[in-house]
Amino acid sequence: MPGYQETPADAGFRMPAEWARHRGTWLSWPHRESSWPDKFEPVPAVFAEMVRHLAPREEVHINVGTAELEAGARAALARAGVPDVNVFFHRHPTNDAWCRDHGPIFVQRPRNGRIEQLIVDWGYNAWGGKYPPFEDDDRIPTLIGAKFGIPVVHPGIVMEGGSIDVNGLGTLLTTEACLLHPNRNPTLSKGQIEEYLHDYLGVDHFLWLGDGIEGDDTDGHVDDLTRFVNPKTVVTVVEEDPADRNYRPLQENLERLARMTDQDGRALDIITLPMPRPMYEGDQRLPASYANFYVANGAVLMPAYDPEQDDVAAAALARCFPDRTIIPIDCTDLVWGLGAIHCVTQQWPEASS
């Protein structure tokens with residue numbers, strides 16, 4: 001670890017919650033058409049809509065591997081009416097657009113009246129080697145660290161940003177289905193994975209859910225299931241139809257949450273979110289979930305899929321975030337790539353180092 005003899009946790013670093021003040025948001029501009037078979041054309045416009053709402057509130061940093069890709073991104077932003085301010089392009093090649101999973105995880109510590117940052121660069125293997133190549137994506141955190149002079153640490157294990165959620169006070173949510181899957185870190189036990197999470201993210205209280213939702217090719221990312229909305233409150237999706245294949249796994253996760261506590265031993269406050277009506281592309285069930293929202297400065301970008309349920313989900317999130325504007329963004333095309341807003345964004349917390 002450059003400049004430190006201890007682990008990041010020993011040196012006082014911790015991952016902030018997503019609602020902490022941001023310097024900006026990282027995106028990787030979409031270009032891999034096979035991620036949205038026969039439906040790639042509308043996807044850049046969805047990214048542009050996200051940037052339209054983010055740029056007035058915080059910096060937006062976009063990974064683009066070529067001049068041609070940057071030109072296409074700029075054109076999409078112009079069509080969406082995004083002013084050419086507060087948006088920054090970086091010539092960082094990527095394989096795909098899922099920046100939540102291949103982007104940098106920032107951890108922070110207070111030091112001499114300032115906030116210092118490190119980047120944690122976990123290994124990335126495209127959800128267990130499902131979608132090669134992924135070597136360019138795997139390098140993104142280190143490229144960003146070099147660009148901005150932020151030290152980078154490499155734990156040496158596979159971990160994706162969408163597989164974890166933190167409350168900023170030492171508690172982490174995750175799932176057994178994903179983190180214990182043999183296609184990630186087959187030689188590590190549950191306890192050993194917790195040690196890595198403690199050492200590199202500064203967390204010491206672990207909340208393990210079970211299975212993910214139908215259609216989720218990540219093997220059960222928690223950002224489609226359950227999210228912290230404040231240090232002791234979570235929102236979790238539930239399916240009302242007992243005949244739906246999501247019904248039982250989501251009920252089991254709800255039952256687990258009811259038995260869980262925060263890092264201080266207090267029971268969690270639990271707020272439920274609906275699931276949209278089942279969405280398919282051909283025979284493929286799509287992993288549409290309202291839990292895949294993104295918390296930005298002054299706003300929450302919420303995936304929208306289903307007008308009737310969208311309103312219910314937006315009202316629930318408005319109660320969770322009374323000081324932020326809830327902004328629904330149509331993700332009916334984006335989710336054909338098997339992810340939504342949270343999957344393509346990565347927060348850059350504000351710091352003073």
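The values are calculated or read from the model by the stated rules, or taken from the named source; none is laboratory data. Small disclaimer: the values here were computed from a predicted structure and weren't measured. Methodologically, a virtual Cβ is constructed for each residue, glycine included, from the backbone with ideal geometry; neighbour enumeration extends over all protein chains shown.
Brief remarks follow.
- Evaluation of Leu180 against (1) over 19 Å from Met15 (Cβ atoms); (2) crowded, with 21+ Cβ neighbours inside 10 Å (one fails), failing number: (2)
- When residues of the stretch 213-256 are limited to those that are out of contact with any Asp or Glu (no Cβ under 7 Å at 6 or more places or on another chain) and free of Cβ contacts under 8 Å to residues at least 12 places away in the same chain, the one farthest from Ala267 (Cα to Cα): Ala243
- Long-range neighbours under 7 Å by Cβ, at least six apart or interchain, first residue in contact (Cβ under 8 Å) with a residue 40 or more places away in the chain and farther than 19 Å from Gly149 by Cβ within the stretch 97-114, second of a type in the set (A, V, I, L, M, F, W, C) and assigned to a helix (DSSP H, G or I): Ala97/Val344; Trp98/Cys343; Trp98/Val344; Cys99/Val344; Arg100/Cys343; Arg100/Val344; His102/Ile140
- Any strands (runs of 3 or more DSSP E) falling wholly within the stretch 254-346 and containing at least 2 residues that are under 19 Å from the mean Cα position of the chain (by Cα): 294-296, 299-304, 325-330
- Helices (runs of 4 or more DSSP H) lying entirely in the stretch 1-106 (those with 2 or more residues that are within 30 Å of Val234 (Cβ to Cβ)): 43-54, 99-102
- One residue stands out in the stretch 78-110 among those that are within 13 Å of Ile140 (Cβ to Cβ) and of a type in the set (Asp, Glu): the one that is surrounded by the fewest Cβ atoms within 10 Å (Cβ to Cβ), namely Asp96.
- Criterion: surrounded by fewer than 17 Cβ atoms within 10 Å (Cβ to Cβ), of a type in the set (D, E, K, R) and closer than 30 Å to Lys39 by Cα - qualifying residue of Asp241, Asp310: Asp241
- Sole exception among (1) within 21 Å of Leu338 (Cα to Cα); (2) surrounded by 24 or more Cβ atoms within 10 Å (Cβ to Cβ); (3) among the small types (Gly, Ala, Ser) for Ala304, by number: (2)
- The condition of being modelled with pLDDT of 95 or more, of a type outside the set (Phe, Trp, Tyr) and within 21 Å of Leu143 (Cα to Cα) does not hold for Pro44.
- Search result, residues across the stretch 140-192 that are within 17 Å of Cys99 (Cα to Cα) and either modelled with pLDDT under 95 or among the hydroxyl-bearing types (Ser, Thr, Tyr) (or both): Thr142, Ser163
- Taken together, Ile213, Ile140 contain a single residue that is more than 28 Å from Gln284 (Cα to Cα) and among the aliphatic types (A, V, I, L, M), which is Ile140.
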